[in-house]
1. Residues with amide H under 5 Å of Leu117's amide H, sequence separation 5 or more or different chain, H placed in the peptide plane at 1.01 Å from N; which?
2. Calculate what fraction, in whole %, of the accessible area of the chain sits on carbon and sulfur atoms when a 1.4 Å probe is rolled over the protein chains.
3. Which value, in Å² and to the nearest 10, is the accessible area of Lys88 when all protein chains are kept and the probe is 1.4 Å?
4. Along the range 140-152, what does the Karplus equation 6.51 cos²θ - 1.76 cosθ + 1.60 (θ = phi - 60°) give for ³J(HN,Hα), rounded to whole Hz, x for Gly and Pro?
5. Given a Förster distance of 30 Å, report the FRET efficiency between Thr126 and Ala81 from their Cβ-Cβ distance, rounded to the nearest 0.05.
6. Tell me the angle of helix 47-61 to the major Cα principal axis of the chain, expressed in degrees between 0 and 90 and rounded to the nearest ten.
7. Restricting to DSSP H runs of at least four residues, report the calculated mean residue ellipticity at 222 nm for the chain, -39500 (n - 2.57) per run over all residues, nearest 500 deg cm²/dmol.
8. What does DSSP give for the chain in terms of the percent of beta bridges that are antiparallel, rounded to the nearest 5?
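The values are calculated or read from the model by the stated rules, or taken from the named source; none is laboratory data. Values in this document were obtained by computation on a predicted structure and should not be read as measured data. In this analysis, Cβ positions are derived from the backbone assuming ideal geometry, glycine residues included, and neighbour counts consider all displayed protein chains. These area figures cover heavy atoms from the full protein model, side chains too; ligands, DNA and RNA do not enter into them. Shrake-Rupley method; radii C 1.70, N 1.55, O 1.52, S 1.80 Å.
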Amino acid sequence: MVRVCGRNRGRVNIAGVVCYRAGHRSRFFFKLHIWHGRRGEPKAFSWRQYRDLIVMTHLQLGTPVVWCWDNLNVHLVKELADFAEEHKGWLRIFQMPSYAPELNPAEGIWSLLKRHLADFAAADLTHLTRVIKRKLKKIRYRPHLVDGCLPPTGLTMDDDSIRPPDATSST
């Protein structure tokens, strides 16, 4: 048993984006939301923070973006749908099936992160945040780790698009 001093308050939420493009190295972007347990402080990401993540990803990649959401409730809000409609020149959003973590390459990233944190005991929220950032940056700068998250999903790259298994193409 490891005893840790400090309050049992706060948490770290992580939003991650795994990016694949044929002929280019894979990329991983992330954003943290730290909740300190204070009254009135938001516990999770807002739709605006997800919108900002989409914009940041688009700017970093410098290319149109195909975004695949899981069904987190904030991903389904009208404001994000309106944002996608306003920016349909460079943004397409697809909803993944209701519960299909096996189709989400980001789940591989979370698995890698959890493996790194397996025997870790944080002294406090600041320590936990620092270690999570460090581990995610290590993953970010090792494209082979990000590449390894795609094959388990069964998705494949074909002509700059990701297709589900057994998808047929029309010409």
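1. Close amide H contacts, sequence-distant or interchain: none at all.
2. 51 percent
3. So the heavy atoms of Lys88 present about 130 Å² to solvent.
4. Residue by residue, the range 140-152 yields 4, 8, 10, x, 5, 5, 5, 4, x, 7, 7, x, x Hz.
5. Numbers: r = 36 Å, r/R0 = 1.20.
Efficiency, rounded to the nearest 0.05: 0.25.
6. Tilt relative to the chain: about 60 degrees.
7. Details: 5 runs with 56 residues, N = 171.
Dividing the helical sum by the residues of the chain leaves -10000 deg cm²/dmol.
8. Here the share of antiparallel DSSP bridges comes out near 70 percent.
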